[in-house]
Structures are given as structure tokens and as C-alpha cells.
1. So if I average 1/r over every pair of distinct C-alpha atoms in the stretch 44-184 and take the inverse, what Kirkwood radius in Å does that give?
2. Mind checking the full-extension length gain between Gln251 and Leu4? Use 0.36 nm per residue of separation minus the Cα-Cα distance, one decimal, nm.
3. Is it possible to state the helix-based mean residue ellipticity at 222 nm for the chain, with each DSSP H run of 4+ residues giving -39500 (n - 2.57), the sum divided by total residues, to the nearest 500 deg cm²/dmol? What is it?
4. So what are the radius of gyration and Dmax for the Cα set of the stretch 321-383, in Å?
5. What angle, in degrees between 0 and 90 and rounded to the nearest 10, separates the Cα long axis of helix 175-185 from the longest principal axis of the Cα atoms of the chain?
6. Between 0 and 90 degrees, rounded to the nearest ten: what's the tilt of helix 564-573 against the longest Cα principal axis of the chain?
7. Taking the alpha-carbon distance from Lys482 and a cut-off under 17 Å, which lysines remain once sequence neighbours fewer than 8 residues away in the same chain are dropped?
8. Dipole of the stretch 30-100, Cα-centred, from +1 at each Lys and Arg C-beta and -1 at each Asp and Glu C-beta, to the nearest 20 debye?
Amino acid sequence: MTILEALERYFGYHSFRQNQQQVITYVMEGHDALVLMPTGGGKSICYQIPALLLPGTAIVISPLISLMKDQVEALKANGIEAEALNSGNDLTSDTIIRRKCVGGMLKLLYLSPEKALAEIEYLLHYTRISLFAIDEAHCISQWGHDFRPEYTQLGRLREKFPDIPMMALTATADKITRHDIVRQLQLKDAKEFISSFDRPNLSLTVKRGYRSNEKMQFIANFIKARPMEAGIVYCLSRKSTEKVSEDLRRQGIKAAPYHAGLSPQERNQTQEAFKQDQLLVVCATIAFGMGIDKGNVRWVIHYNMPKSIENFYQEIGRAGRDGAPADTVLFYSLADIIQLTEFARQSGQQDINMNKLRQMRQYAESGVCRRRILLNYFGEQTGHDCGNCDVCANPPKRFDGTRYVQMALSAVKRAEEQIRTSTIIEILKGMRSPSVVKHGYDKLKTFGVGRDVSTNDWQDYLLQMLQMGFIEIAYDEGNSIKVTALGSQVLYGHQTAALTVIDRSMKEDARPKPRLHLEIPSITIPGLPSTEGREDPKLFEALRQLRMQCAQEEGFPPYIVFSDKVLHSLATIKPATLEQFGFIAGIGEHKKQKYGQRFVALIKRFL
């Protein structure tokens, strides 16, 4: 069987994505490889096809039990022999899996790093191994965004099995991290395969300066406009996940929190309900998501700004893994910047983390195409704007805000640069707070000069002034605000300042924005004049219900049966025979035989 025949037979795809074919060929020739592909970019195919075609069993190192479970379920659904050895198994299951492995009956075996190291002299020693695949390989490096100490000993696999090809796979790793991965895993003459980091199916939107109640109203509107779509709200703290999920439930939206402070049973219940589409909204810390391969997440919202672009990219990558359109929204505020800066300053890698935060801020504060900034961060340039981010859709409008900037800077100077942002606003608004009265700030010439501007708008203008370098935060002086040399130029009338017009409309998400057209691959299907056509939304909904029914019968998550993209293709192309059904991208031979008759019968009823 050729690698293309294996792709079609087991996975139902008629062509490879960028770099997949080259990686597979290179590894099957016995070489080591470092593979960088975006989340949802098809990394797993790169080791699953060699595993199918090479003699022996491929050992896949994966960090989380839930991630292994997802992968094994998906492989079994495609008719591939795969198992996972982990602490979730009972003794009987473990024994059966070990016998299968030693007997050469498995094509893939998933192990945690700890389990792999413990089994070097035992199970692995007696198994015919075809290749090693180290997934989430950035975890091996302290320069990576999710360092895990247990990964650092995986170089022992190379020492024990020097002639078995090894591949390291990750969705996010800068140049330093990539070098570290190669060094620590002792990869030999490893070729780097770096695919485009562009995920054009993801829309990118940033919202700044929203207060908590405004954020919640926006999020509630957003979710209500997408009633059947699964999504994740990422929060910075455990407390926020609890509060956001509770607020959403009060508005009639079924949501659950997920964080490391919950019991393993609670976390598992939430994750399973989300995977099975019984729960559509999860409010989570970054503890959630890495361990789930759910393909039909249609949106991701960041309630707070993440601490790095790597984290952000990894988290938004959990939306639209099936290639169908998905939405992402990032909220950020001055409070986020202060809190995250404090985290970075207290970390063991202050310089690295401060730099990562600075680059995250540049993305959030940008007035140019956001996708270009993301791609540039990963060393990829593009000569055109994306057309699928908020900056492309609505370029920011500016006005001469010199007077407002001078008001704020004057208040800072007159208070001898010993005040925080909250006190600046109290002075400008003429609010006699205890702090203002105690220090006599109500006697300043600037007291009350900005009372015609709302508190929200002042917060936004101060954030813009920080972005433009007119002020800076002295983190070692209780977060007090200082006027910079550039700010002094504006304060004393030597330079003007343009501010961005603030738009906090809640109505814009009363209904979803038109998404990018879902591209259905153009293929020749016997008996059908053309694969192009209009999607039937009622048929799509009926197909989704049938998928749910099949999933419940087998105990699989619905996205394991078929992805949303496959359902969209079926609702557009409308295959009326089993043969035509098998031509749809994403439907392999095993699934064609298993589900084809039921789905074709449903489509024929609609025709």
C-alpha cells in the first residue's frame, strides 16, 4: 500500500496537506524529524501513516491521558489497532494491551513520558518498535511555553534504541525551543519541517477596556447567537472561571468551570460532557484544552489576555480543528497588563517572560492585520492582509486627543507621579475618594477637568497612552504612573496625540458575523455532475442529529464519528449512493462501510 492509498483508505482524504507527505517519506526512510504544524494542521497523520505501513508498533509519547484516549478512539473508529497504557487502565486491560503489543497486534501504542521511561527495560525491550513519536515536544524545553520536567529524560530512548527513527511534533516552538528539542532528544541529522502557521478559518477579534459586566453581556450575546455551537472561555484565574460560568448560567446558558482546583472526578465529568456535546460551554483556565482533540469547537473567547503569543496561539487553535470556520475573541485591559507583568516579574525567567508579554501586548494593541503579526512572530511573512480579523474588517478610526492626553499627564505630574491609574481617573472626574482627599488631590488645578468623559473611556485612553509610550508603569513603586520623555513632549505642547475612537457596541454580536465560505474540495464523484452546490441547513441539522445518535450507540464523542466539516460537505454535495458517499473527504473505507447506509438513506429522504 502506498502512503496515498493509506491516507484514502484509513482517513478518507484524497491529498496531503503541506509537508505531510515529505515528513512521512523521510521518516519511513529511517530518519529523525522535527515537525512543526499548527493545531489542527494534521500532525498526527505524520506518524500514524508510517505506523500503519512500517513493520512493528509505533510508540507515541503524549502528556495527558485524555489526549491519548481521544487519539485511540479516533484511530479505532477508522479501523486501526491502537491502545494506550496509562493509570486509567485496570490490571486486566493492561495485561491484554501488553500481550497485544509484544505479539505485534498493535500499530500504535500511546504512553506518558513517565510510563515510557519505566518500560524501557521491560515492555519496550520486547516490542518490535517501528518509530518513536514525541507529541507536544515543546514540553521538553524550558524555553517552551509549557515546560514539563518529566519530558527532559526522554533522551534515554535514543540511547537505548539508537537505530529507531524518532520524530518530535509540536504546534508552537520558536527557534530556541526547536534547537533545545533536537539537543535533548538527541535527534540525529534531524530535518525540520515547518508548515505554515496560518489558520485562515479562524476569525481574530480583540476587545479592549471592557468592564466585567460589559464583558459578560458581550459573551452572553455572543453565545446566544450561536446556540448549537461548542466553545471555550479561557480565564486567568480559577475564581474567574467560577464567576463567569455562574453568570452565564444565570442568563440561561449551560456552562461549567474547569480548573486545577476541582477534583479529578469533577474535571473528568466536565470534559466528558463537553466531548459528548452534552455541554457546549466550558469556562476554563489553561489547564483545559491540551488534553482534548475535539474537532467541532466553533469559538474560543479569552476573558483575559494570555501571557504569551505561544499560549494564545495554542488556545485559539482549539477552535476549528476540523478546518471549518470558527471565531476567536480576546479581551484585554490595563488591569490584565499590570497583573501579567507582576506574574512575569516574579517568575524564575523574568527577562524571557517580560519579552513574551511585550509581544502579546503588541498583538492585542495593533492597528494592522492581526494575522500578519501572529505569522511574523513564528517567522512567517505574508504580503497581504487576511480579511478575517477585526482590524481588516474595521480599520481603527482616530481623532486629535491631545487635550485629553494633556489632562491626564498634568494630573500625574501635579501628583508628583505617585498615583495609580485609578487615582488619575478619580482626579480627572472630580471624585472625592478617600485617597484623593487624604493626599489633597482635590485641591489640584486638574481636579474635575475631565468630568465630561466617562470612567470607562478614561481607562481606555490611559491604556492607549501606555501603548503609545506617553506613560509607563513603575512596577517597583507600587504600580505608580510616570510620564515619559515622549509624554512630556505632548504635555508641553510640542507634539500632538491621536487617540483611537472607542467602540463598545454590544449589538454587533446579536447575530454571528458572516463567516468565511467553507471550501469543499473539488473532486470528481461518479454520478454527480458537480461537487459545488448550496448547503442545505436543514439537512446539516438532520445529519448532526444522526451523528449524535451513532456516537451515543458506540460511546464515542460525536466528532469521532464525523467532523463538522464532513457534515457540511455531505449537506452540500448530497451523495445518494454508498460509492458517492465514500468520495467525501474525511470518510475512509471503514467509516464508509460502518455508517454509509444510514447517512445515505437520510440524504435520499431530503432529496
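The values are calculated or read from the model by the stated rules, or taken from the named source; none is laboratory data. Note that the structure is a prediction, hence the values are computed from the model and not measured. Here the Cβ positions follow ideal geometry from the backbone for every residue, glycine too, while neighbour counts run over all protein chains shown. Each accessible area value is taken on the protein alone, full model and side chains, heavy atoms only, with ligands, DNA and RNA left out. Shrake-Rupley method; radii C 1.70, N 1.55, O 1.52, S 1.80 Å.
1. 15.2 Å
2. Numbers: separation 247, 0.36 × 247 = 88.92 nm, distance 4.95 nm.
Working it through step by step, the gained length comes to 84.0 nm.
3. When only DSSP H runs of four or more count, the value is -12500 deg cm²/dmol.
4. When restricted to Cα atoms, the stretch 321-383 yields Rg and Dmax of 14.2, 40 Å.
5. 40 degrees
6. Tilt relative to the chain: about 70 degrees.
7. Cross-link targets: Lys413.
8. Using only the charged Cβ atoms, the result is roughly 80 debye.
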